[in-house]
Amino acid sequence: MADIAALPGGFVAAVRPLDPRAPWIPAWRALGAASLIRNPFYEAGYALAARDAFGAGVRLLLVADRPPEAPGARLVAVWPFRLSRRRWGLPLPLLMGWTHGYAPFGAPLLDGADPQAALAGLLAAPGVLGLPPRLLLPNAPADGPLPDLLTAQGGRRAAYWPHDRGLLDLSGFGPEARSGYLGHLSGQRRRKLRRARARLEAAGPVTFEILAAPEALGPALDAHVALETAGWKGQAGTSLAQRPAEIAFLRAALADLGAADGVRIARLRRGEQLLASLILPVTGREAWVLKIANDETRPETAPGVQLVHRLTEALAAGDWPIDRIDSCAPPGFALGTTFWTERRPIAHLLVEGGRDPLFPVARTLERARERVARARVTIRSGRSAPAVPASPPRRRP
């Protein structure tokens, strides 16, 4: 396998490790901000922060206008991946997009000025580098620019575990439509929300806030971790407090994102008591739900539900200049879909990179793997299986 090779059209393909000292990190940051489809989880600051906790075996597939270490190099495509040699129990390898518990979106970064050329370079790169010519993009957008570009490329692809996840999308809404956004809530739902809010505020006034100042993010993360630890996750030993590598990752990610005005923490609190907390990376006018925690001592007050409700009201009122929030939620998770009427179609996309005579075999094997996984979930749960991640998150001790 080569680590760098020429591509048609004057581009260069390269495979590089997750190295925060690499000279092309600024070019990676620039591409992230100008990517056709923003993906905060694949952008430089966030990805590098996740390296120690989740990055074992991860490398970057780069497409650039010259060798990435050369002065002035411009990246036009970046895709973090792992090489999977026996996903189907056979020696038929593929490249798998990087996924873990804090990276729920798998769109590669493609130059927004010429995404077609960027994608063409990315798909041709495995062939010139001696890598397997088949790519699996977990949790990728199943409609919109990426599938359209793949169709224009003409290569083969297949989708697995398709599902829709909750999305708040106010883009194109005028003032009247925004003010009536929550009008779809039933009378019964509204009554429940009013009762829960009254119960929550019976012990004192409750404040809703959205934190952005970099110096506030570290203490807010500490409070978020303490709140999560006090609940069932702490009792089960699965809270962030029991996973120091993940706390270190989140601290580094929030520091990097906060310095670039790229994260918010929405909260409900009563005085100094934190009731609910929601961490939201931000890309332009879109936010992404990364982590939520809430006070579980009085379930009837539903502080987590109320936080999402108050956040939706704030966006509809124009109090925060954001048009979209992706819930990043798995199927069946009602918190986002209760208030947000839009949906983002998601699927795991198996894509042919270059001409691959074994692609039909890979496509069939992945479909069989999906069927087996669905059957196992159905047997365990006694009901139809929801979508599941392409592979379990990898964590270091």
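The values are calculated or read from the model by the stated rules, or taken from the named source; none is laboratory data. Keep in mind the model is a prediction, meaning the values are calculated, not measured. All Cβ positions, glycine included, derive from the backbone under ideal geometry; neighbour counts span all protein chains shown. Accessible surface is based on the protein model in full, side chains and every heavy atom, while ligands, DNA and RNA are left aside. Shrake-Rupley method; radii C 1.70, N 1.55, O 1.52, S 1.80 Å.
Overview of values
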| quantity | calculated |
| --- | --- |
| Counted residues, the stretch 356-381 - those being surrounded by 12 or more Cβ atoms within 10 Å (Cβ to Cβ) and of a type outside the set (Lys, Arg) | 13 |
| The stretch 295-336, residues that are part of a strand (DSSP E or B) and open to solvent by 50 Å² or more (accessible area, probe 1.4 Å) | Arg324 |
| Residues (over 13 Å from Pro303 (Cβ atoms), buried (at least 16 other Cβ atoms within 10 Å of the Cβ) and of a type in the set (Lys, Arg)) located in the stretch 193-246 | Lys233, Arg243 |
| Residue within the stretch 148-162 that is without any contact (Cβ under 8 Å) to a residue 12 or more places away in the chain, part of a loop (DSSP other than H, G, I, E, B) and surrounded by fewer than 16 Cβ atoms within 10 Å (Cβ to Cβ) present | yes |
| Residues (open to solvent by 20 Å² or more (accessible area, probe 1.4 Å), touching a residue at least 40 places away in the same chain (Cβ under 8 Å) and either within 14 Å of Ala314 (Cα to Cα) or in a strand (DSSP E or B) (or both)) located in the stretch 267-281 | Arg267, Arg269, Arg270, Leu274 |
| Boolean, Ala44 is over 28 Å from Ala142 (Cβ atoms), open to solvent by less than 60 Å² (accessible area, probe 1.4 Å) and in contact with a strand residue (DSSP E or B) (Cβ under 9 Å, 6 or more places away or on another chain) | no |
| Any hit, the stretch 345-355, residues being part of a loop (DSSP other than H, G, I, E, B), open to solvent by 10 Å² or more (accessible area, probe 1.4 Å) and in contact (Cβ under 8 Å) with a residue 40 or more places away in the chain | yes |
| Candidate set from the stretch 89-127 (those that are in a helix (DSSP H, G or I), among the hydrophobic types (A, V, I, L, M, F, W, C) and open to solvent by less than 10 Å² (accessible area, probe 1.4 Å)); member that is farthest from Ala30 (Cα to Cα) | Ala125 |
| Evaluation of Leu83 against (1) under 19 Å from Asp3 (Cα atoms); (2) part of a loop (DSSP other than H, G, I, E, B); (3) touching a strand residue (DSSP E or B) at 6+ places or on another chain (Cβ under 9 Å) (one fails), failing number | (2) |
| Residue ID - nearest to Leu119 (Cα to Cα), chosen from residues in the stretch 77-88 that are open to solvent by 20 Å² or more (accessible area, probe 1.4 Å) and out of contact with any Lys or Arg (no Cβ under 9 Å at 6 or more places or on another chain) | Ser84 |
| Positions within the stretch 163-194 being touching a helix residue (DSSP H, G or I) at 6+ places or on another chain (Cβ under 7 Å) and part of a helix (DSSP H, G or I), in sequence order | Arg178, Ser179, Tyr181, Leu182, Leu193 |
| Test: residue in the stretch 7-18 that is of a type in the set (D, E, K, R) and surrounded by fewer than 16 Cβ atoms within 10 Å (Cβ to Cβ) | no |
| Inter-residue pairs, beta-carbon under 8 Å, first under 16 Å from Gln306 (Cα atoms) and hydrophobic (A, V, I, L, M, F, W, C) and in the stretch 332-344, second open to solvent by 40 Å² or more (accessible area, probe 1.4 Å) and assigned to a helix (DSSP H, G or I), 6+ apart | Leu335/Val305 |
